[in-house]
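Reading through the structure tokens given below for one structure.
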Amino acid sequence: MIPLRGRELWIGYAFLAAGVLSIVLPFLWIVMTSFKYEIAILQGRFTFAPTLFNYQDVLFGRRSNFIVNIGNSLFVAAFSTIAVLIVGSLAAYSLSRLSWSRWIARGFLGWTMLFNTIPTLTVVGPWYLMSQEVGLYDTLTALILTHIAINLPMTVWLMMTFFGDIPMELEEAARVDGAGRWEAFVKVVLPLAIPGLIAAGIIAFVFSWNEFTVALNLTSRGTATVPVGIANFAQQYEVQNGQMAAASVLSTIPAMILMIFGQRFVVQGLTMGAVK
């Protein structure tokens with residue numbers, strides 16, 4: 001790889017700085033807005049007296065249900081992520097190790113890729129009708145099932161990449177020593193795929209935490225998740241800009257913590273197989 005020098009180096013730095021600013025500045029604007037009174041927001045003041053009123057109103061206000069929203073999001077994201085990792089790992093191992101017919105394996109993988117290309121908004125209507133028919137509308141169970149369906153294809157593809165990079169000889173050696181296929185999978189293959197499980201788990205959790213369209217249509221006030229709770233601060237005759245900004249800042253904390261500690265695994269998972 002040829003290093004950049006002179007003008008090319010400065011152009012590279014300029015594009016890098018522009019990319020960083022385009023990501024950081026909107027978030028800093030939201031953080032700043034969350035510490036303003038509503039009058040200062042409407043007047044567009046750059047200088048203002050900071051206040052914690054918006055955070056207090058979001059967490060403890062009578063009209064706010066944000067604590068419940070956080071609990072709902074944590075429950076849905078955690079359970080859907082666990083289910084996705086279990087089902088996705090088993091499916092990926094089966095496709096990468098077992099002797100399936102080529103048309104079966106390719107057909108399944110092709111369907112998962114096709115499903116990922118379908119906009120989520122187009123399947124919200126059928127999911128809404130299905131949840132009503134089986135009595136799951138306005139329940140967290142319906143939301144968990146839909147999030148599993150959304151995140152499962154990505155997990156299968158990601159885990160197949162990790163399983164494909166684990167030498168088959170390790171598993172065969174365990175089989176020679178008397179281990180069954182399940183025991184070899186649990187004690188040999190799965191521990192080596194832990195970075196992939198972490199990467200897939202973080203991505204699935206963050207996607208579930210941020211999902212808005214399905215949650216908006218399948219939940220009500222008592223079962224709403226964080227994105228829906230944030231949207232509820234914008235009503236027909238009133239938009240609570242400060243509270244919405246404060247709730248947005250609070251909603252980034254869990255995902256930010258996960259990404260800080262698992263960034264290395266996510267990058268490794270997304271680039272696995274790119275360079276041999």
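There is no residue in the range 155-177 that is in contact with a Ser or Thr (Cβ under 7 Å, 6 or more places away or on another chain), in a helix (DSSP H, G or I) and closer than 30 Å to L52 by Cα.
Only one of the listed residues (G44, G71, G6, G88) is modelled with pLDDT of 90 or more, exposed (fewer than 15 other Cβ atoms within 10 Å of the Cβ) and either within 30 Å of I194 (Cα to Cα) or not charged (D, E, K, R) (or both). That residue is G71. For the range 141-160, the criterion of being crowded, with 16+ Cβ neighbours inside 10 Å, at pLDDT below 85 and not basic (K, R) is satisfied by no residue at all. Close contacts from the range 157-169, counting a first residue that is under 15 Å from L109 (Cβ atoms) and a second that is of a type outside the set (S, T, N, Q) and modelled with pLDDT under 85, with Cβ to Cβ under 7 Å and a gap of 6+ residues or different chains, come to L158/G269; T161/M272; T161/G273; F163/R97. No other residue among S99, S80 is of a type outside the set (F, W, Y) and under 28 Å from Y137 (Cα atoms) apart from S80. Filtering F205, F185, F212 for residues that are without any contact (Cβ under 8 Å) to a residue 60 or more places away in the chain and not charged (D, E, K, R) leaves a single hit, F212. The listed residues are W29, W103, and the only one of them that is of a type in the set (A, V, I, L, M, F, W, C) and closer than 30 Å to L197 by Cα turns out to be W103. The requirement of being polar (S, T, N, Q), outside any helix (DSSP H, G or I) and either modelled with pLDDT of 95 or more or within 22 Å of L216 (Cα to Cα) (or both) is not satisfied by S131. Of the set (1) within 24 Å of V226 (Cβ to Cβ); (2) surrounded by fewer than 16 Cβ atoms within 10 Å (Cβ to Cβ); (3) without any contact (Cβ under 8 Å) to a residue 24 or more places away in the chain, all apply to W103 but (1). Can you tell me which of (1) surrounded by fewer than 16 Cβ atoms within 10 Å (Cβ to Cβ); (2) at pLDDT 90 or above is the one W111 doesn't meet? It is condition (2) that W111 fails.
The values are calculated or read from the model by the stated rules, or taken from the named source; none is laboratory data. This one's a predicted model, so the numbers in the text were calculated from it and none came from an experiment. Here Cβ is always computed from backbone atoms with ideal geometry, including for glycine, and neighbour counts include all displayed protein chains.
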